[in-house]
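Single-structure report; data block below.
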Number of protein chains: 2
Amino acid sequence: MVSRGSGVLMRRREFISLFAAPAMAQVSTSVEQWGVFELALPGPSSGNPFTEVTLSARFRYGSRTAEVDGFYDGDGRYRIRCSPDQQGEWTYETRSNSPELTGKSGAFVCASPGAGNHGPVAVRDTYHFAYADGARCFPFGTTCYAWAHQAQELEEQTLATLPTAPFNKIRMCILPTEYAYSAQGFRPYPFEHTAEGKQDFTRPRPAFFRHLEARVLDLQRLGIQADLILFHPYGRGGYANMGAEADDRYLRYVIARFGAFRNVWWSMANEYNFAKTKTAADWERLGAILKSKDPYGRLASIHNGGELENMYDHSRPWITHVSLQSSQMTEGRKIRARFTRPVLYDECKYEGNISRRWGDISGREMVHRFWLGAIEGCYVGHGETYEHPSNVIWVSRGGVLRGESPKRIAFLREILENGPPRGLTALDSYYPCAAVEGEYYLYYFDVHQPARYAFGLPADARFRIDLIDPWEMTVTPVEGEFQGKAPVALPGRPYLAARIRRIS
Amino acid sequence: MVSRGSGVLMRRREFISLFAAPAMAQVSTSVEQWGVFELALPGPSSGNPFTEVTLSARFRYGSRTAEVDGFYDGDGRYRIRCSPDQQGEWTYETRSNSPELTGKSGAFVCASPGAGNHGPVAVRDTYHFAYADGARCFPFGTTCYAWAHQAQELEEQTLATLPTAPFNKIRMCILPTEYAYSAQGFRPYPFEHTAEGKQDFTRPRPAFFRHLEARVLDLQRLGIQADLILFHPYGRGGYANMGAEADDRYLRYVIARFGAFRNVWWSMANEYNFAKTKTAADWERLGAILKSKDPYGRLASIHNGGELENMYDHSRPWITHVSLQSSQMTEGRKIRARFTRPVLYDECKYEGNISRRWGDISGREMVHRFWLGAIEGCYVGHGETYEHPSNVIWVSRGGVLRGESPKRIAFLREILENGPPRGLTALDSYYPCAAVEGEYYLYYFDVHQPARYAFGLPADARFRIDLIDPWEMTVTPVEGEFQGKAPVALPGRPYLAARIRRIS
């Protein structure tokens, strides 16, 4: 039986939902590698199933086992999801404090992945990323905090925009934000209301989460990573102040629901330091839950507000990469080295024109920052904040893109994707340069406009040089082959780049 | 008798040179306020007069006295210079270890200053500058390190260029530099050579210094402050390594020769920290000499190389202002506060296209940095480094200006000179703003391009607002009068400014 959701991903046995009656499923049930096997079980609906019923399953593949939590999906239905990462036969057996749910066992076959399914993204080569099938991933993110909390028409507009944009990652909040730029188009609350009209943090609303799941799968279909923001300090919803017990329960619920989707990344918080209700001990406790409850080890981060001095201690074991808010684009190499983790400038301000310093930089400046970050061997995220009569701005509610930067970001993405698969490292060079030394050099001259430059290439190899205009999106080969210190004439304008590739 | 020099300044009794024979000069001798009275005396020429003959004079004005060193000018001539700062009768009496030179006394009258003579510049209101007559001085400097060590034609070209440029201060080296961009057009050495062809640091060459004096007076005629760099670490001339005794003697000689010129500022060193031959104790000893031997208390600084971490301790008592090399344009307000002295970004890189990071920024970037510095309540210096077949670049040898920034710098200078005479202070505002609070606000939006902004003006006053495009050099009044928090529509482009002036 095929699950609900956007429906589109359900082709090719990517997402198998199995009602486990009879108790032993047929081994002929198959799901593709990195797809989702879901076991749906009927169970108790009285009392508060969210807090009173425990449910998990032990999945087994050869000698490997993984313990995965299930979750209550309302109406007496329970679900357990597993995303198998190896092809072949998998078996499972459930455990629960409910007799109806415990001891259910079965098996399924994990088959080869379908076209476009590269598996989840993980850190590769310390500072970079790759999909599980080995394909490289150069994250080019955007941010639409509340895009999946909007009216259907607007959400569909966002989904129609994304394939035209250069982004393969999107930062989005699970919990509604309810701040200035997202107050309209508010979705139903994520928790049921009490008789007094208050939110009951012990009772998630399944419909809310089902909707979000569908959107995450929509993104998956588009090849976009969903960087799910688990906590945030915004709004009157009270989500910044649910209390430790509710925080933990909510987190486990989200992991159980979303963790099996291969395009999920965890962002523990947006602007964690603005949440005055939580201490470092709270974040560490939540981080420990994430690490213990997510059997896939999905990418996980925690995003600061303000500047670098508010950076979380990214050496913590539950954190896989650095998710920065900063406009100090030339600090990236130091931060990479400090934490021996990839660095993503997830917010370096947004292209737009609202009266906010974080949302009013020009398209040129946005593109400039993408290049600066790339030259640090880091990755940079986009956001857009143009005023519009509709009151819809991209960074909050999605919709359409109006800015000048996206197509130039696409141009940079193409350059990096056609560059060394292992990614680049900043050199201690005279002009800013990221490289695989001896093979490939990407210079970005920033405000500098030298009329000529001797790149100081290895003398024992030959190279071709392309001059790149990041704004005009032109690549102009320099005639000839180069080695050693021969000076190369440059256009004498600022904000240009040069790509140098070894040919022999 | 009128002294040699460019000749031009000698009109209006600005520079009186008196051969003090007979021993008592006529009281009818007069010099204008802040001009130069010079007593020229014949004396011994045997041995080494530079080291063997001491000479000074005590100048007296009412109950005030000032002890001023004289100097040997070759060919048996000695000179003592005094720039009187008060109108009325002055007297003097010489002291020397030479019977020929000691005990000479006389008097002169200090008359009112001529047109365009505002006196020397000094610090005013802690962070700003004013001429002695009370006129405000907003320093807009440029740098031509070796311009006065060039062939006559080139030096005259520089002097013809300066009146077309917006600069009222020029940084220039006394000692030849002999580095890459100044190696040609080398002037005769500042010291005599020994029989072995080495420079004899005990014997300054008067012709060399006379030439420099003429150039300093040429600048004075143009209303330009001569920021004289006393020491520097460059070149094969050996001037960075003369030894403490020679350093001290050279410094006293320069103070005696140049100190009476009202447009002289002292820059103890350029890139002092690159002179590995000198310690902090050396600089402090030289600073103490400067403070004790310069009776005028001319503006004095010491310029770092590299970045802010190399800044000298500008709280030292002999230092009047901070002379920075830095591109960290938004640190100015902190540095001002730290040292309670005016801050000049004397080098924030130069407009040009040579293959040097310090000499290849665009005209737009140069202008941008001038604005950023101004908004910090600081002052910024210019330099230009465009490649040219003549091998003459402005920052080193002078000549002509080819860049795009000077006319925009002139535009900014005009804005500041038409602003509050007491100068501006950076506010802790949402967008960068320098102000005299309640009266005048100069915003610079940097990379930001808000479509509208509520400036948050005082509610009890009325203001006019002008939108300024620093690159296009346009000032566009916004219709109406403003107060309080009314939002103002802005053009939605980056690098724009707004000027807000109180009208009632």
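Using a Förster distance of 45 angstrom, determine the FRET efficiency expected from the C-beta separation of B:S390 and B:E284, and round it to 0.05.
Numbers: r = 41 Å, r/R0 = 0.92.
It comes to 0.60.
Please label the shape of the stretch B:138-417 as rounded, prolate or oblate, based on the square roots a ≥ b ≥ c of the eigenvalues of the alpha-carbon gyration tensor (a/c under 1.5 means rounded; beyond that, a/b larger than b/c means prolate, else oblate).
oblate
Which ³J(HN,Hα) values in Hz, rounded to whole numbers, follow from the phi angles of the stretch A:33-40 under the Karplus curve 6.51 cos²θ - 1.76 cosθ + 1.60, where θ = phi - 60° and Gly and Pro get x?
With coefficients 6.51, -1.76 and 1.60, one gets 4, 6, x, 10, 8, 10, 9, 10 Hz.
Which value at 222 nm does chain A reach when only helices count, each DSSP H run of 4 or more adding -39,500 (n - 2.57), with the total divided by all residues and rounded to the nearest 500 deg cm²/dmol?
It comes out at -6000 deg cm²/dmol, rounded to the nearest 500.
Assign one of three labels to the stretch B:413-486, namely rounded, prolate or oblate, based on the Cα gyration tensor with a ≥ b ≥ c the square roots of its eigenvalues; rounded applies when a/c is under 1.5, prolate when it is not and a/b is larger than b/c, and oblate otherwise. Write out the running numbers ahead of the final one.
Values: a/c = 1.28, a/b = 1.08, b/c = 1.18.
Judged from the Cα gyration tensor, the stretch B:413-486 comes out rounded (a/c under 1.5).
In debye, nearest 20: dipole of the protein assembly as shown around its Cα centre with unit charges on the Cβ of K, R (+) and D, E (-)?
Its charge dipole is roughly 240 debye.
Tell me the angle of helix B:244-258 to the major Cα principal axis of chain B, expressed in degrees between 0 and 90 and rounded to the nearest ten.
80 degrees
For labels at A:R64 and A:A122 in the simple 7 Å Cα→Cβ model, what's the distance in nm?
0.8 nm
With +1 on each Lys and Arg Cβ and -1 on each Asp and Glu Cβ, how big is the dipole of the stretch B:111-253 about its Cα centre, in debye rounded to the nearest 20?
I would put it at about 140 debye.
Could you tell me how far the Cα centroid of the stretch B:289-362 sits from the Cα centroid of the stretch B:61-111, in Å?
Each part reduced to its Cα centre gives a spacing of 34 Å.
Specify the angular offset, from 0 to 90 degrees and rounded to the nearest 10, of the alpha carbon long axis of helix B:206-221 from the longest principal axis of the alpha carbons in chain B.
40 degrees
Just counting partner chain Cβ atoms within 10 Å, what average do the residues of peptide A:355-366 show around their Cβ?
5
Using amide H atoms built 1.01 Å from N in the peptide plane, name the residues 5+ places from B:F129, or on other chains, whose amide H lies under 5 Å from its own.
Correct list: B:R124, B:C137.
If I model a spin label at A:A111 and A:A337 as a point 7 Å from the Cα along the Cα→Cβ vector, what separation in nanometres do I get?
Modelled inter-label distance: 5.0 nm.
Shortest first and in nm to one decimal, what separations exist between A:S98 and its copies in the other chains, measuring from label points 7 Å along the Cα-to-beta-carbon line?
Those label-point separations list as 11.1 nm.
Got the A:E307 label distances to the other copies yet, label 7 Å along Cα→Cβ, in nm, shortest first?
Those label-point separations list as 1.3 nm.
Show me B:356-367, A:340-351 ranked by packing, highest mean number of other Cβ atoms within 10 Å first. Walk me through the numbers on the way to the answer.
Values: B:356-367: 21.9, A:340-351: 24.2.
Ranking the peptides B:356-367, A:340-351 by packing returns A:340-351, B:356-367.
To the nearest 10 degrees, how steep is helix B:405-417 against the longest Cα principal axis of chain B, on a 0 to 90 scale?
With both axes taken from Cα atoms, the answer is about 80 degrees.
For the pair B:V436 and B:E404, what calculated FRET efficiency results from E = 1/(1 + (r/R0)^6), where r is the Cβ-Cβ distance and R0 = 25 Å, to the nearest 0.05?
Calculated transfer efficiency: 0.25.
In terms of the Cα gyration tensor, with a ≥ b ≥ c the square roots of its eigenvalues, is the stretch B:269-343 rounded because a/c is under 1.5, prolate because a/b exceeds b/c, or oblate?
oblate
Determine the principal axes of the Cα atoms in chain A, then give the extent along each, sorted from largest to smallest and rounded to whole angstroms.
78, 51, 41
Output, in nm with one decimal and in ascending order, the distances from the B:E481 label point to the matching label points of the other copies (7 Å from Cα along Cα-to-Cβ).
Result, one decimal in nm: 7.6.
Under 24 Å Cα to Cα from B:K293, which lysines show up? Leave out anything in the same chain fewer than 8 places away.
B:K293 reaches B:K104, B:K169, B:K278.
Tell me the GluC sites (Glu not before Pro) within the stretch A:376-480 that lie in a loop according to DSSP and have at most 16 other beta-carbon atoms within 10 Å.
The qualifying sites are A:E404, A:E437, A:E439, A:E472, A:E479.
Between B:E100 and B:L308, what is the label-point separation in nm under the 7 Å Cα-to-beta-carbon projection?
Computed distance between label sites B:L308 and B:E100 equals 5.6 nm.
Read the figures in this text as sums done on the coordinates, not as results from a lab. Predicted model only: the values in this text are computed from it and were never measured. Methodologically, a virtual Cβ is constructed for each residue, glycine included, from the backbone with ideal geometry; neighbour enumeration extends over all protein chains shown.
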